[in-house]
Amino acid sequence: MMSYFEQLHPWCIVRTFPNLKYLIVARFRRQNDAIAHSEALRRLVPDATFTIVFEPPIVSQSLSQKGDFETRRNLLSACREAKRMETS
């Protein structure tokens, strides 16, 4: 399960190593922040390989179950209402 910090910061800079190992170097809320930081890292550590990855938050178990239609319907209607409020 992802921590609250990880859910709020889905953009990751990952350093890859040989034999398929990796290390998450930093996490960011915005993609452009991750890009700017990775460019600085590439200048500081030119021999390393850095990749930017989006790690979306995990959907809670109750929403992913097939039988929980009422919760999904409420969630969808709340999203539609929020979109209507944004446009008006």
ask   = With respect to the numbered conditions (1) hydrophobic (A, V, I, L, M, F, W, C); (2) in a helix (DSSP H, G or I); (3) in contact with a strand residue (DSSP E or B) (Cβ under 6 Å, 6 or more places away or on another chain), which one is the sole condition not fulfilled by ILE24?
value = (2)
Residue ID - nearest to ILE58 (Cα to Cα), chosen from residues in the stretch 17-42 that are among the small types (Gly, Ala, Ser) and touching a residue at least 12 places away in the same chain (Cβ under 8 Å) = ALA26
message = Residue pairs, Cβ under 8 Å, 6 or more apart or interchain, first in the stretch 1-16 and more than 9 Å from ILE52 (Cα to Cα), second in a strand (DSSP E or B) and among the basic types (Lys, Arg). List them.
response = PHE5/ARG27; GLU6/ARG27; HIS9/ARG27; PRO10/ARG27
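Rule-based calculations on the coordinates, nothing more; no lab input. Predicted, not measured: the structure shown is a model, and the values here were computed from it. Ideal geometry is used to build each Cβ from the backbone, glycine not excepted, and the neighbour counts take in all protein chains shown.
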